[in-house]
Structure formats: C-alpha cells, structure tokens
Amino acid sequence: MSAGLLVLVPVLLLVVVVVVWVPAAYNGLVRLRNEVANASGQIDTQLVRRHDLVPSLLSAVQGYLQHERDVLDRVTRARAAAVGALGSPGGLVGRVATENELSSALGSLTAVVESYPQLRSSANVLRLQEDLVSTENRIAFARQHHNDAVTAYNTARETFPRNLLVGSFGFRPAEYLKLDLSVSDSR
Amino acid sequence: MSTDPQRGTGSSSALSPADRESFFAAQRRHRRAARRYSAYATVVVLVQSVPMSVMMAPLLLGVMVLAVDVVNLAFPVPDPRTWVAAVADSAGAPQAVQVALAVVVVIVPGVLVMALIWWVMRRFFLRSGLGGAVLTLPVRAPDPADPEEYQLLNVVAEIAVSAGIATPSTLIAEVPASNAAAVGTSPDQATIVVTRRLLDEQDRDETLAVVGHLVASVANGDLHIGNTVLAVFATYGVAATLFLAPVDAAARRTLRTMLRVVRHRSDPVQEAEAVRELIAFEGGDGMIAGMVFLCWRLTYWVTNLFFVSHWLVAPLRARRYLADATAVQLTRDADSLGRALAGMQSHGPGVPGGGYAAPYFVLDPQGPCGSDAGGGGEGHDSDAGGGGESLDSDAALGSSMHPSLGRRLARLRRLGYLGPAPRRFSAFREHPVRAVLGYLLLLVVGVPLGVAIFATVLALVLTCVLLALLFLSFAVAIVVEPLHVLLRGIA
C-alpha cells in the first residue's frame with residue numbers, strides 16, 4: 001500500500017504539473033510575446049504619424065524661412081528617405097538610421113524656428129510644433145513601452161522554471177530597440 | 001518647455017542610493033499592501049454587518065412570516081414561529097444548537113440581504129460607472145482651438161501609448177479647483193476629467209505626470225476597486241432605507257426611485273443623482289421612525305469611526321501609492337509628479353460636490369477649496385488631505401480615501417522627486433525629556449482611558465442595537481401580527 005502511494009504521489013504531481021502549470025506558463029509567455037509585437041507595431045504607427053506631420057510643418061514655415069533652404073531641404077530629404085524605407089526588409093531595426101536622420105533634421109528646423117519671432121507668435125506654427133512635440137513623445141513612449149515589454153518577456157523566458165519550456169516551444173529572445181528619436185537631443 | 005519622456009528621474013536628490021527604489025519594486029510593494037488591506041477590509045465589513053443585520057432581523061423575520069403565510073394559502077405550511085420556538089424551548093436541545101439557531105435566525109438573514117444589496121449595487125455601479133457622479137459637475141468636451149486643451153488631448157494620447165491602452169476620452173471641468181479624476185467602468189471605457197484651473201497652473205510635464213497617474217490608475221484596475229468600495233457605502237444607504245421602509249414614507253419613496261433607476265437603464269447623471277440621494281438619505285419622520293433611524297445612524301457612526309472607516313479606505317490609499325509608482329514608470333519623471341501634486345495641493349484641490357467620487361480623483365476633492373487658494377506652496381510640508389471626509393458626510397467619517405500629501409511626496413522622493421522632504425517631527429529627537437514623560441503619561445492614563453472608551457463604545461453599540469430591535473419589533477408587530485392572524489384565519 002505504502003509502495004503504491006510512493007509511486008502514485010509523484011505521478012499525480014507530474015500530471016498536475018503537465019495539466020496545470022505547462023499550459024499556464026506557455027500562455028503567459030505567448031501573452032508577453034504578443035505584447036512585444038503589439039508595442040513594436042505602435043512604434044511604427046507613431047513614426048508614420050511623424051512622416052505625415054512633416055509636410056504641414058514645412059508648408060507653414062517655408063514662407064518665413066526663404067534664407068534657410070538648406071535646413072528645409074535636409075528635412076525634406078530625410079523625410080523622403082524615412083518614408084522610402086518603410087517597406088525595407090530589415091524592419092524597424094533596419095530603419096533606425098533614416099529615422100534618426102529625420103529626428104536630427106527636425107531638431108535643426110526647430111532650432112531655426114526658435115530664432116524667428118514671427119514664427120514663434122504664429123498660432124498655426126505653434127500648434128504644429130505642439131503636434132511635433134507630442135509625436136516625438138509618443139514615439140519615445142512607444143519605444144519605452146516596447147522595451148518594458150521586452151524586459152518582461154525576456155525575464156519570463158529566462159527565469160526558472162519557465163526557461164525549461166522556451167527551447168521546446170521556440171520562444172526566441174526579443175531585442176531592445178535603440179532609437180535616438182528626440183528632436184531636442186539631436187540639435 | 002521640456003517634454004522629453006526619456007529624461008531620467010533626476011540625480012541631484014539628497015537621498016543616498018540605498019534610499020532610492022525602482023518603480024518596479026515600489027509597484028510590487030504597493031500591490032502587495034493593497035491586497036493585504038483588501039483582505040482586512042473584507043473582514044472588517046463583515047464584522048460591521050453583524051450589528052446591522054441584528055437590527056434588521058425583526059423586519060426580515062416579519063417579511064418571512066408573511067411570505068410563509070401567503071404560501072400557506074395554497075399549500076399547508078406550519079407557522080414558522082412555532083419551528084423556532086419548538087427548538088429554542090426544547091429542554092433537551094444542546095446549548096450549542098440553541099446558540100447556533102439564534103445566530104442563524106438573527107444574523108444570517110440580514111447578512112445575506114446586505115450581501116445581496118451589495119452585489120446588486122456593485123453591478124449597478126459597474127454598469128453606470130460611478131462616472132455619473134463626476135459628470136454631475138459642470139463638465140464639457142475640450143475645445144481643440146484652445147492651446148491648453150489641445151495640449152491636454154495630446155498628453156492623454158501620449159500617456160495611453162506609454163501604458164499600451166486605448167486613449168481614454170477627455171473632459172474639462174469648469175470648477176475653481178486644481179484636480180483631476182479618472183471615471184468609468186473599465187480601461188476601455190475610461191474618461192479623464194481635468195479641471196480647467198489645473199491646465200492653467202501646471203506646465204506640460206506636470207500635466208503629463210497627473211494624467212500619467214490617472215491612466216496608471218485606470219490600467220491598474222482602480223476603477224473596478226473604487227466601484228466595489230463605493231458599493232459597500234451604497235449598501236449601507238439601501239439597508240438604512242430598507243430598515244426604515246415599514247415606518248417611514250420617505251424611505252419607501254427613496255427605495256422606489258432607486259429600484260426604478262436600477263431596473264431601467266437611464267442617463268448616468270440621473271443614476272448618479274439617485275445614488276447620491278440614497279447615500280445621503282436623511283429619513284425618519286415621526287417618533288418611531290426617528291428613534292429607529294437614530295439608533296441605526298449611531299451604530300453606523302460609532303462602528304465606522306472606531307473600527308471600519310480606516311480599514312475600508314486603506315486599500316484605496318495603497319492604490320494611490322501604486323498609481324504614483326506606475327505613473328513614474330510611464331513617464332520616467334517622478335519630479336514632475338511631485339511638483340504637480342504639491343502645486344495642486346497649494347492651489348486647492350477641493351471640488352464642490354466631488355467628494356461623492358473621491359476615490360477617482362488624484363487628490364482628495366474634499367481638501368482645501370480652490371477659491372481660497374493663494375499659492376504659497378505649503379503642500380510640500382503639509383499633511384493636508386489626510387483628514388478630510390469623503391463620499392458624503394457619513395461614509396468615511398474622517399478617514400480620507402487619499403493618503404496624506406506628505407506621505408506621497410516622501411515615497412515619490414525615493415523614486416526621484418527632487419522637492420523638499422516632507423517635515424517629519426520626532427519628539428524623541430527634539431524634546432527627549434518631554435517625550436519620555438509624555439509616553440509614561442500615555443501608558444498610565446492613556447491605556448486605561450482607551451479601554452474605558454472601547455468599553456463605552458461597545459456598550460453604546462449594544463444599546464443602540466437593543467433599542468432599534470425594540471422599536472422595530474414593536475413597529476413590525478403592529479403591521480405583521482394582524483396580517484398574520486388574518487392570513488392564518490383565511491387558510
């Protein structure tokens with residue numbers, strides 16, 4: 001009887017682990033992986049929002065900035081390059097260089113706008129600047145959310161005992177995103 | 001103005017690295033505390049429901065007797081009072097059985113009825129989202145042509161991206177207060193309400209931090225918990241009207257209004273008004289009704305003041321700390337949140353009529369009113385917000401649903417707030433001799449005094465319960481006995 005129990009108890013424990021813990025751990029990892037994918041998609045959305053904002057900003061300021069053609073052309077080129085890179089095979093990581101160049105160009109434009117009092121008092125330009133600031137914030141927050149999601153996912157997949165599952169079910173590590181997208185920092 | 005959310009939480013804090021805490025660690029700590037306090041609050045509410053249930057017993061037993069009499073018209077059923085009497089009077093019955101029977105008869109029906117009322121009210125709040133309470137304030141949609149309000153719309157969208165939730169809708173409250181609230185039933189249906197004064201007085205980073213606190217609160221599930229706690233207060237309101245219904249026309253009228261609102265979905269503002277009327281019920285016309293209501297109120301006040309209110313609001317306070325820590329995770333900017341809270345407190349967070357929905361505000365809306373705000377930044381050191389009443393004049397009885405600003409700022413300093421440290425008074429450090437004498441006096445006089453107060457409170461509660469039992473038994477007997485005799489006679 002006791003020998004039977006000695007066999008039965010470990011078998012029951014194993015069954016409980018397989019039936020209860022494995023699906024729960026697997027589902028938890030899938031949920032965290034999907035959060036990473038969702039956060040990554042959010043960055044794309046915000047980058048496209050910035051691409052769409054640039055033409056309005058340029059048309060609002062170019063009348064005042066006839067002597068700043070270099071800055072305007074740089075923004076136009078950077079924006080065209082960023083839009084052109086949208087379908088590139090490297091994904092978001094492959095487009096970091098073009099997006100960083102656009103950030104830098106927009107930083108230069110913002111610095112120039114600050115030195116023109118007429119522009120600083122234009123309600124239309126102020127609104128577009130607010131939109132630009134908000135878009136930069138959204139990109140930074142989306143990146144931050146993505147990296148937080150990556151931390152949570154990678155921590156979950158690397159800690160015991162869930163790390164026993166990752167090899168069998170193909171949970172690859174997620175990558176952090178290193179984008180320097182802040183206009184103010186890139187002046 | 002600087003708007004970079006990637007900015008660090010500051011490095012010039014006077015706190016040593018050992019005193020600092022990561023926002024993830026802070027969230028874990030506050031989440032554990034909130035769970036622990038929720039368990040305590042559940043136990044305390046169950047204990048408080050016992051005297052209330054005892055007082056309701058005559059009414060419920062009267063209804064039960066009449067219901068059995070009605071059934072008896074169709075199917076023969078013995079008089080229920082004879083079942084109880086038979087067991088209670090049987091000399092052979094063990095004492096434990098008699099005690100158990102008394103508990104079942106006197107306490108269990110009331111507890112079950114109050115649990116049922118709580119369940120209905122909670123569903124009602126989750127349906128209507130007590131947001132109606134805040135929507136009874138003068139609110140309007142933001143005007144995109146106004147730069148500050150346009151900026152607010154952007155700020156809400158930014159924080160929603162940071163939290164990974166859908167962008168909540170936004171409303172502006174035209175009240176002379178510097179405060180903000182998140183209302184609704186779930187993260188998908190949340191609404192952020194910001195007072196116009198807050199927009200005028202806070203810079204972009206501070207507004208971002210305040211909205212971050214609200215979105216963090218929404219994402220943490222505080223709307224659900226706030227609705228659950230407010231349903232407890234509403235339960236006492238419904239129970240009070242139910243308790244008085246046999247002897248008071250105003251109570252019956254209030255109950256009918258509430259039933260109509262619960263059964264038929266209506267405008268959130270109307271629903272909020274109905275709940276407000278219920279919670280603030282001041283019925284009790286006539287001598288018997290007045291005495292019964294007085295006993296009920298005394299029991300409720302005394303139990304709330306000495307036992308319940310502190311524990312009931314403790315989970316809500318813990319969740320404010322949790323929302324602060326989560327907001328710092330979302331914005332990576334504890335300093336702006338600390339500055340925003342201190343500024344709001346000094347400008348006056350008091351929202352007239354907003355106390356009804358206190359758990360949903362960033363700062364206690366029962367705090368100092370905005371109209372007498374003169375600035376001065378006292379909020380850094382003050383402990384204001386810790387003593388205001390919330391919900392209504394009875395509900396929390398001196399226990400604010402918000403932690404004191406000083407404690408919040410102290411916790412935010414560990415996360416990176418650079419403002420002045422809250423003043424901490426240490427009697428032993430500043431006046432050691434007087435402190436020792438004071439504690440000795442407290443030991444000699446305070447402890448016996450505390451025991452005496454506790455005994456008095458218990459005696460007061462017992463007296464109230466007995467008086468209410470007496471008055472209500474008398475009132476119920478006048479109504480039930482003739483009907484009982486009539487129905488049994490017909491049968």
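Values quoted throughout were computed directly from the atomic coordinates according to the rules given, and no laboratory measurement underlies them. Owing to the predicted nature of the structure, the values given are computational and were not obtained by experimental measurement. Don't worry about glycine lacking a Cβ; one is built from the backbone with ideal geometry, like all the others, and counts go over all protein chains shown.
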Simple SL model, points at 7 angstrom along Cα→Cβ for B:Thr42 and A:Ser59; separation in nm is 6.0
The set of residues whose placed amide H lies less than 5 Å from the amide H of B:Thr170, leaving out same-chain residues fewer than 5 positions away, is B:Ile192
Residue-ordered couplings for region A:40-57, obtained by feeding phi - 60° into the Karplus form 6.51 cos²θ - 1.76 cosθ + 1.60 and rounding to whole Hz (Gly and Pro as x), are 5, x, 5, 4, 4, 4, 6, 5, 4, 4, 5, 4, 6, 7, 4, x, 4, 5
If every Lys and Arg gets +1 and every Asp and Glu gets -1 at its Cβ, then about the Cα centre region A:18-186 yields a dipole, in debye to the nearest 20, of 460
Scoring only Lys, Arg, Asp and Glu (+1, +1, -1, -1) among other residues with Cβ under 15 Å from the Cβ of A:Ala81 yields +2
The residues B:Met344, B:Met55, B:Met401, B:Met291, sorted from fewest to most surrounding Cβ atoms within 10 Å, come out as B:Met291, B:Met55, B:Met344, B:Met401
For peptide B:243-250, the mean count of other chain Cβ atoms within 10 Å per residue Cβ is 0
The residues B:Tyr360, B:Tyr300, B:Tyr37, B:Tyr417, sorted from fewest to most surrounding Cβ atoms within 10 Å, come out as B:Tyr37, B:Tyr300, B:Tyr417, B:Tyr360
Within 10 Å of the Cβ of an average residue in B:150-160, the count of other chain Cβ atoms is 4
Given A:4-17, B:57-70, A:69-82, B:220-233, the highest-first ranking by average Cβ count within 10 Å works out to B:220-233, B:57-70, A:69-82, A:4-17
Computed about the Cα centre, the charge dipole of region A:60-131 from +1 Lys/Arg and -1 Asp/Glu charges at the Cβ has a magnitude in debye, to the nearest 20, of 120
In whole angstrom, the spacing between the Cα centers of region B:193-214 and region B:309-328 equals 20
By the mean-Cβ-within-10 Å protection proxy, highest first, A:144-151, B:204-211 rank as B:204-211, A:144-151
The long-range amide H neighbours of B:Gly350, using H built 1.01 Å from N in the peptide plane and a cut-off of under 5 Å, are B:Ser178, B:Gly367, B:Cys369, B:Gly370
Other residues with Cβ under 13 Å from the Cβ of B:Thr170 give, with Lys and Arg +1 and Asp and Glu -1, a net charge of -3
Residues whose modelled amide H sits under 5 Å from the amide H of B:Asn220, counting only those 5 or more places away in sequence or on another chain, are none
Output for region B:400-487: trypsin sites (Lys or Arg not before Pro) sitting in coil per DSSP, at most 12 other Cβ within 10 Å, listed by number, reads B:Arg423, B:Arg424
Measuring from the longest principal axis of the C-alpha atoms of chain A, the long axis of helix A:96-114 (C-alpha) lies at a number of degrees, nearest 10, equal to 40
Residue by residue through region B:179-194, the couplings from Karplus 6.51 cos²θ - 1.76 cosθ + 1.60 with θ = phi - 60°, in Hz, x for Gly and Pro, are 7, 7, 9, 10, 10, x, 10, 7, x, 6, 10, 7, 10, 9, 10, 10
Lys and Arg at +1, Asp and Glu at -1: neighbours of B:Glu206 with Cβ under 10 Å from its Cβ sum to -3
The exposure ranking of B:Trp301, B:Trp296, fewest beta-carbon neighbours within 10 Å first, is B:Trp301, B:Trp296
At 4 °C and 1.567 mPa s, the Stokes-Einstein diffusion coefficient in µm²/s for chain A, with hydrodynamic radius from the Kirkwood sum on alpha carbon pairs, is 66
Phi-derived 3J(HN,Hα) across region B:322-338 with the Karplus relation (6.51, -1.76, 1.60, θ = phi - 60°), rounded Hz, x for Gly and Pro, is 4, 5, 4, 5, 5, 4, 5, 4, 5, 9, 6, 8, 6, 5, 5, 5, x
Under 16 Å by backbone N from the virtual spin label 7 Å along Cα-to-Cβ at B:Ala102, the residues of region B:453-470 are B:462-463, B:465-467, B:469-470
